[in-house]
Amino acid sequence: MSDRLKRTPFYSQHLEAGAKMVPFAGFEMPIQYHGIKVEHRAVRGNVGLFDVSHMGEFLVRGPKALELLQWVTVNDVSILTIGKAQYSCMCYEDGGIVDDLIIYRLASEEYMMVVNGANIDKDWDWLLSQNTMGAELENVSDDYVLLALQGPKSAELLSELTDTDIEQIPFYAFEHGKVSEVPSLISATGYTGEKGFELYFNRANYDVQKVFEAFIVKGATYGLELCGLGARDTLRLEKGYALYGNEITEKTHPLQARLGWITKFSKGLFVGSQALAKIKEKGVEKKLVGFVIDQEKAIPRKDYDLLDAQFNIIGKVTSGGMSISLEKGIGMAYLQTDALASNEPIVIQIRNKEVPIMVTSLPFL
Amino acid sequence: MKTPKHLFYTKDHEWINIHDDGTATIGITDFAQGELGDIVFVELNEIGDLFEKEETFGTVEAVKTVSDLYAPIDGEIIKINKALEDEPELINDDPYGQGWMIKITILNPDQQSELLDSKAYQALI
């Protein structure tokens, strides 16, 4: 991309904190501050703060809002009540995944979609192309910033900065409140598998840097670490959460990506539903699995091959790495369904070595 | 980013300390360890192994990524840093000191002129 990279309002605070910045989704984002291990462990044991303002936000409003969302996403939006959030995805006609996302119901005829930063333009164009019913659409990605406060001590820390009774917010629900005097949508969601909150702010009207600063100051006694995209990835992998571009792509569909639970055929036709119904009837040829490696010094990485006993390629790794919590190699991979059913030993090709893996249930932790 | 003046460097971010007795010590640079992040382990070739310049002499695995190690010069491995087996983080903490990786006998001293000095390497990163 030749376009100049965007910066979140917290850019200078990241630099001040010693962040290593990398280009990501068109932004300069922190990949780490003091090291992925320290940041990962802070989220598992205490609390971590992530700037994830690269995420995209679209508002969907009006009498046709529900109709559009029912058409363009796979989950059943009709059951979403005001104040609740829903995990979902958008598919193409062939069932391939456009993006995964969260939908918030803000009011009776107002919803917010939160999409992956790298997919904002693609998703927006897709939404416009599918909006034949005439819902009102607004892309507010440039106005909204998003901080994620994650970890077992996140509620305690957040309570110091808000009057909202956040302990009362159920998982995948939200409240409107103020954090450090700045109006915020406080959502009990996250991508780390820990208790936590995602805090949306409108950067246009408020001094959001002071919220970030307040977390750093108040967070010190809670063992807060600023966390980058590196730790975000190692944390989500341990919980088996899909990442767009890895587990889910235009070439994979929700039924093979362990997203059958959000794919609601019962709601009626939606984009991709006919293709997906056929796939469901036939059965999937490969599906997403988790695996661990018990051997020391063997770390799986994206795109490594999985082999059967005759060294035929039967799968490919979508995400892999060293689990910081388990201290061993873990990964997710697409594996041929018949190979999975056969229970034969499977090895992974790590450079010039073949190392046994154990297919395991997800999450790892 | 530290690049000590008494060392030579490669474009692949290894450093080499050439000693008067025809041996040399090799590791990865401060820049390289910073790019890799938390290092989980290193796998090094064995004592007695010969390699040519730009051949791999091992791999380094970090939490996020894996990278091959490339020989700056033709050589024979005469010592490897055993301490890295239990404490690979020495590479992050002290890349030019306790984080050294291998010691070699130099087999082709003429190649020394092809290495980068501190200034040239600094310009590269």
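Counting only protein heavy atoms and a 1.4 Å probe, the stretch A:131-199 has 41 square angstrom of accessible area per residue.
Of all the options A:T249, A:T132, A:T164, the one that moves most in a Gaussian network model of chain A with Cα springs shorter than 10 angstrom is A:T132. Looking at the stretch A:264-323, the accessible area is 53 square angstrom per residue; that uses a 1.4 Å probe and ignores ligands, DNA and RNA. With all pairs of different C-alpha atoms in the average, the Kirkwood value for the hydrodynamic radius of the protein assembly as shown is 24.7 Å. In order along the stretch A:189-199, phi translates into HN-Hα couplings of 9, x, 10, 10, x, 9, 4, x, 9, 10, 10 Hz, rounded to whole numbers, per the Karplus curve 6.51 cos²θ - 1.76 cosθ + 1.60 with θ = phi - 60° and x for Gly and Pro.
Of all accessible surface on the stretch A:285-360 at a 1.4 Å probe, what whole percent is carbon and sulfur? Roughly 49 percent of what the probe reaches on the stretch A:285-360 is carbon or sulfur. Placing A:H14, A:H253 in order of accessible area, with the largest value first and a 1.4 Å probe, yields A:H253, A:H14.
Between A:T337 and A:L269, what is the FRET efficiency for a Förster distance of 30 Å, r being their Cβ-Cβ separation, to the nearest 0.05? The pair A:T337/A:L269 has a calculated efficiency of 0.65. Helix-only arithmetic for the protein assembly as shown: the sum of -39500 (n - 2.57) across DSSP H runs with n ≥ 4, divided by the residue total, places the mean residue ellipticity at 222 nm at -5500 deg cm²/dmol.
Loop-located chymotrypsin sites (Phe, Trp or Tyr not before Pro) in the stretch A:311-365 (DSSP state other than H, G, I, E, B) with a sparse environment of at most 16 neighbouring Cβ atoms within 10 Å: A:F311. Applying both filters, DSSP loop and at most 15 other Cβ atoms within 10 Å, to the trypsin sites (Lys or Arg not before Pro) of the stretch B:43-108 gives B:K82.
Measuring only protein heavy atoms, the 1.4 Å probe finds A:H34 accessible over about 130 Å².
Percent of accessible area on the stretch A:69-172 owned by carbon and sulfur, 1.4 Å probe?
Summing carbon and sulfur atoms, their accessible area is 47 percent of the total for the stretch A:69-172.
Other protein chain C-beta atoms within 10 Å of residue C-beta, averaged over B:63-72: 4.
Highest mobility in the GNM of chain A, judged by mean-square fluctuation with C-alpha springs under 10 Å and restricted to A:W261, A:W124, A:W71, is found for A:W261. Surface burial for A against B, with a 1.4 Å probe and both sides summed, reaches about 1400 Å² of accessible area. Going from the isolated chain to the complete set of protein chains, the stretch A:225-245 loses at least 20 Å² of heavy-atom accessible area (1.4 Å probe) at A:D233.
In this simple spin-label approximation, A:V38 and A:E327 carry label points 7 Å from Cα along the Cα→Cβ vector, and these lie 2.0 nm apart.
The values are calculated or read from the model by the stated rules, or taken from the named source; none is laboratory data. The model shown is predicted, which means the values in this text are computed figures rather than measured ones. Glycine also receives a Cβ, built like all others from the backbone with ideal geometry; neighbour counts cover every protein chain displayed. Side chains included, ligands, DNA and RNA excluded: accessible areas come from the protein's heavy atoms. Shrake-Rupley method; radii C 1.70, N 1.55, O 1.52, S 1.80 Å.
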